[in-house]
1. Being more than 12 Å from residue B:9 (Cβ to Cβ), buried (at least 19 other Cβ atoms within 10 Å of the Cβ) and within 8 Å of chain B (Cβ to nearest Cβ) is the filter here; which residues of the range A:139-153 pass it?
2. Being facing chain B (nearest Cβ under 10 Å), more than 22 Å from residue B:104 (Cα to Cα) and out of contact with any Pro (no Cβ under 8 Å at 6 or more places or on another chain) is the filter here; which residues of the range A:111-138 pass it?
3. Which of the residues that make up the range A:55-65 are buried (at least 18 other Cβ atoms within 10 Å of the Cβ) and in a strand (DSSP E or B)?
4. Surrounded by fewer than 13 Cβ atoms within 10 Å (Cβ to Cβ), at the interface with chain B (Cβ under 8 Å from one of its Cβ atoms) and not hydrophobic (A, V, I, L, M, F, W, C): which single residue out of A:52, A:68 fits that description?
5. Checking the conditions here, which among A:132, A:95 is without any contact (Cβ under 8 Å) to a residue 12 or more places away in the chain and within 23 Å of the chain's Cα centre (by Cα)?
6. For residue B:18, state whether it is over 17 Å from the mean Cα position of the chain (by Cα), surrounded by 18 or more Cβ atoms within 10 Å (Cβ to Cβ), touching a residue at least 12 places away in the same chain (Cβ under 8 Å) and at the interface with another protein chain (Cβ under 10 Å from one of its Cβ atoms).
7. Quickly run through the range A:85-99 and pick out the residues that are part of a loop (DSSP other than H, G, I, E, B) and at the interface with chain B (Cβ under 7 Å from one of its Cβ atoms).
8. Is it fair to say residue B:30 is more than 8 Å from chain A (Cβ to nearest Cβ), in a helix (DSSP H, G or I) and of a type in the set (Lys, Arg)?
Amino acid sequence: MAKEESPQNPLSDWLRLQTDFQARLADETLRYLRRLQGAAAPVTPGTVLVPEEGSELKANAKPGGAFELALDVKNYQRVHAMAAPALDPMVSSSGITWYPEAEFSPEFSLVAPDESVKFTVRVNVPSVLPPGMYIGALSLRGLRQQVFRISADITGSSATASHSSESKRGPVGNRGVKPKSAKSKKAKKS
Amino acid sequence: MTTNASAILIDTEDTAGRTTATLVASLAARLATLYLISGADAIASLTSGFAALGREVSKTTDGAQLRQALSRSRVARNGDATWRALHIGEGASTAVPSPVLDQLRNDVALLLADDLEQVLGMMPIPSEAPSGAIPPPQQSAAFLDFVVGYWAFSKEAIASIEELAKLGSSSPEVVNPNSNPDAPLKGSLLR
């Protein structure tokens with residue numbers, strides 16, 4: 001028995017291989033059965049977002065300014081739908097990531113059949129944001145198979161443009177979840 | 001400067017679509033499935049669904065900021081440790097993700113349907129036959145995926161319920177305790 005437990009014993013290696021194989025087989029079988037169960041799962045009727053006019057939103061703003069985007073959504077389904085807009089982080093060609101602070105109006109909406117809702121997104125551009133072309137996306141929560149590309153051309157300089165070199169060190173506007181704290185930090189810096 | 005885009009919401013291709021009948025049938029099928037699977041399977045599927053939603057929402061600014069804030073604190077470390085020690089992630093990663101957001105939206109739509117009573121009178125309604133399509137490959141369900149997904153789901157649930165309440169809200173009434181007590185009572189309750 002002592003010889004069998006030795007790591008150099010071929011029987012011990014064989015036993016280990018067999019155990020690993022059985023464990024792996026059980027794991028893969030479980031995965032396969034789960035996937036089969038998924039194929040037989042009850043169907044959940046879903047929603048698809050299809051762009052009608054323009055899937056690209058263009059904006060122009062100065063650091064410290066703001067720009068607005070609007071998205072009209074019409075419900076062609078036979079029951080109510082729900083929509084909530086969301087913005088992705090915006091990235092410039094120089095690699096700067098900007099987490100935009102935005103106000104959505106409305107933030108969430110129930111859309112009755114054959115009715116439309118207009119979402120307005122007001123994006124505040126931080127005064128420390130270096131100029132450049134920023135690319136991001138506007139999407140509706142849960143419907144990310146279709147997003148609207150945003151290209152925001154941030155040109156010119158603001159009164160606090162001297163901070164731009166400092167802001168290149170890291171993501172802009174990514175200083176916490178609460179925008180208020182971010183603002184207060186900026187105020188302290190200036 | 002404002003730029004506009006427009007979009008439409010339509011039914012998924014090659015399905016019966018979202019109607020009151022299909023939503024009732026889907027809900028009934030979900031409830032019926034609970035008798036066929038174990039509690040562990042159901043919870044794992046829901047957990048996997050929240051994690052899938054969390055992965056999606058983490059791509060947005062709000063989701064990414066929430067995730068980063070959580071990952072900077074001990075919340076993420078403790079959560080990950082619990083997740084690993086109790087093998088929650090293993091179960092959730094092998095389960096088929098439940099489309100939790102679609103299910104919530106369908107249930108809310110049912111509450112707003114004007115023909116619900118009529119449709120319920122036609123029960124039982126057969127559910128749409130499963131497509132038989134093998135679900136997409138599994139992705140490992142991480143603790144932060146689950147938390148962000150649960151946050152997004154809860155946000156949607158709160159917003160939905162508040163919107164539903166707005167539909168029945170009216171101007172606030174003033175109740176005056178000094179109103180005339182001799183005023184005749186109206187209604188059938190005190191006949």
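Derivation of every value follows stated rules applied to the coordinates shown; laboratory data play no part. Computed from a predicted model, the values in this text were never measured in an experiment. Because the Cβ atoms are built from the backbone with ideal geometry, glycine has one as well, and the counts that use them run over all protein chains shown.
1. Within the range A:139-153, A:139, A:141, A:148 meet the criteria.
2. A:118, A:120, A:122, A:137
3. Passing the criteria: A:57, A:59, A:61.
4. Within the list A:52, A:68, the selection yields A:52.
5. Testing whether each residue is without any contact (Cβ under 8 Å) to a residue 12 or more places away in the chain and within 23 Å of the chain's Cα centre (by Cα) leaves just A:95.
6. no
7. If the condition is that a residue be part of a loop (DSSP other than H, G, I, E, B) and at the interface with chain B (Cβ under 7 Å from one of its Cβ atoms), then A:88, A:89, A:99 are the ones that fit.
8. no
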